[in-house]
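Worksheet: one structure, shown below.
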Amino acid sequence: MWRSGKRLNRKPIEGDVRIPSGCAVSGIFNKKGKLFSGETIIKSISIMRDRSNGLGGGFAAYGIYPDYKEFYALHLFFECEENRREVEHYLKENFLVEKGERIPTQKVQVILDAPIIYRYFVKPRGDICENMCMTPDEFMVRQVMFINSSFDGAYVSSSGKNMGAFKGVGYPEDIGEFYDLAGYKGYLWTAHGRFPTNTPGWWGGAHPFTLLDWSVVHNGEISSYGTNRRYLEEFEYECALQTDTEAATYLFDLLLRCHGLPLKAACQVLAPPFWDEIERMPEKEKEIARALRMVYGKGLLNGPFSIILGSSSGMVAINDRIKLRPLVAAEQGDMLYVASEEAAIIEVCACPTKVWTPRAGQPVIGQLEEAVLWV
């Protein structure tokens, strides 16, 4: 039931059909790293229920595994026990597995056909990384790509440290109850309610999409997907899930982790100013903007989108260049809120000190105070 041509029970997945529609996104972040329950983000996203249709919902949470913060937390979906045993054998050959267990879930009447869901706290084997001349992060990226493209009935849903993605087919508030997210505490939460754009809902295809520390929830449709995908393949990324949000996640990883671009420059690659705007810029700014467009033209995201990027360092929200999807931001004290609708913020923060609508292509950036500067 996972990938075309490889699944035991043939059902439509990403790329098989087109269902035009919309989505909802929400993000809540405490700049001082103060932990709060997942109940807050569930309340926020649930107020936008009409923007979803029950075919996809999910959450990303940071700071939830303090006891295992030195280990990569691999969340995996399995179609059957045989798939799980095959992948576990592979993990034991390539990683030091500190702990592996089924992710706790609870019965929710409307959540059906859930896969087998496990998490593993692992470290890459040092001797293998050394032989392959790879950093642990790069090794982990290659393993995620390999598992997602090579193992039938298995899919990595998140792979970062002290964070995790919890997603599935259903309305987000039901998915949150299914995973009992009210029992987790994190300092940054993002959420997505899906009304599938182009494709049917399946567990691996729900948002957030993640890689290492990065997680992305997205409302919109990226028409440059083919160009972006081919560009990523030049750097050995494999877009096995055939969806634009997966490509956006890998682009952030390429620009920020691999190429070391400042965050604002990476955002300018994804949503660059138009050429006539560049011509009106001060000379130094114009030179930088021109260089980014020429070097990273194939990384430009075309089409309507509002995206929230989560990471252990903070949260970024950004619109497309002409703001074809909604995005609202607010602050109160150490809290930063972003959402598709202001109502989703007011539901959990009755009196924010500042509410604004970000301009097209202008990122809203919230950084953890103790984090290394990434702007």
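The values are calculated or read from the model by the stated rules, or taken from the named source; none is laboratory data. Treat the numbers as computed from the prediction; the structure is a model and nothing was measured. Reconstructed Cβ throughout: ideal geometry from the backbone, glycine too, with neighbour counts over all protein chains shown. Remember, those area values only see protein heavy atoms, side chains included, never the ligands or the DNA or RNA. Shrake-Rupley method; radii C 1.70, N 1.55, O 1.52, S 1.80 Å.
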Seminar exercise, completed: Here the residues within segment 125-181 that are among the aromatic types (Phe, Trp, Tyr) and touching a Lys or Arg at 6+ places or on another chain (Cβ under 7 Å) are Tyr171
Exercise. Open to solvent by 10 Å² or more (accessible area, probe 1.4 Å), aromatic (Phe, Trp, Tyr), modelled with pLDDT of 95 or more and under 25 Å from Asn83 (Cα atoms), is that true of Phe178?
Worked result: yes
Problem set entry | Single condition Glu238 does not satisfy, out of (1) under 21 Å from the mean Cα position of the chain (by Cα); (2) of a type outside the set (Gly, Ala, Ser); (3) outside any loop (DSSP other than H, G, I, E, B); (4) surrounded by fewer than 22 Cβ atoms within 10 Å (Cβ to Cβ) | (3)
Exercise. Picking from Asn219, Asn228, which residue would you name as being more than 15 Å from the chain's Cα centre (by Cα) and crowded, with 21+ Cβ neighbours inside 10 Å?
Worked result: Asn228
Exercise. From Ala206, Ala165, which residue is surrounded by 21 or more Cβ atoms within 10 Å (Cβ to Cβ), within 15 Å of Leu74 (Cβ to Cβ) and among the small types (Gly, Ala, Ser)?
Worked result: Ala165
Exercise. Just checking, how many residues over segment 143-161 are within 30 Å of Lys185 (Cβ to Cβ), more than 15 Å from the chain's Cα centre (by Cα) and not in a helix (DSSP H, G or I)?
Worked result: 1
Exercise. Taking segment 296-353, which residues are open to solvent by 10 Å² or more (accessible area, probe 1.4 Å), assigned to a strand (DSSP E or B) and not β-branched (Val, Ile, Thr)?
Worked result: Glu331, Gln332, Met335, Tyr337
Exercise. Just checking, which of Ile64, Ile28, Ile41 is within 28 Å of Leu241 (Cα to Cα) and either assigned to a helix (DSSP H, G or I) or open to solvent by 40 Å² or more (accessible area, probe 1.4 Å) (or both)?
Worked result: Ile41
Exercise. Which condition breaks for Ile28 when tested against (1) over 20 Å from Tyr171 (Cα atoms); (2) of a type in the set (A, V, I, L, M); (3) modelled with pLDDT of 95 or more?
Worked result: (1)
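Rundown of residues vs (1) open to solvent by 20 Å² or more (accessible area, probe 1.4 Å); (2) at pLDDT 95 or above; (3) farther than 25 Å from Ala191 by Cβ; (4) in a loop (DSSP other than H, G, I, E, B), yes/no style:
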residue: Gly58; (1), (2), (3), (4): no, yes, no, no
residue: Glu93; (1), (2), (3), (4): yes, yes, yes, no
residue: Thr105; (1), (2), (3), (4): yes, yes, no, yes
residue: Leu112; (1), (2), (3), (4): yes, no, no, yes
residue: Asp137; (1), (2), (3), (4): yes, yes, yes, no
Problem set entry | Flag if Val97 is open to solvent by less than 10 Å² (accessible area, probe 1.4 Å) and either over 30 Å from Gly22 (Cβ atoms) or in a strand (DSSP E or B) (or both) | no
Exercise. Which of the residues belonging to segment 239-273 are polar (S, T, N, Q) and either in contact with a Pro (Cβ under 9 Å, 6 or more places away or on another chain) or under 14 Å from Gly297 (Cβ atoms) (or both)?
Worked result: Thr245, Thr249, Gln268
Problem set entry | Filter result for Glu88 (closer than 20 Å to Gln143 by Cβ and open to solvent by less than 40 Å² (accessible area, probe 1.4 Å)) | yes
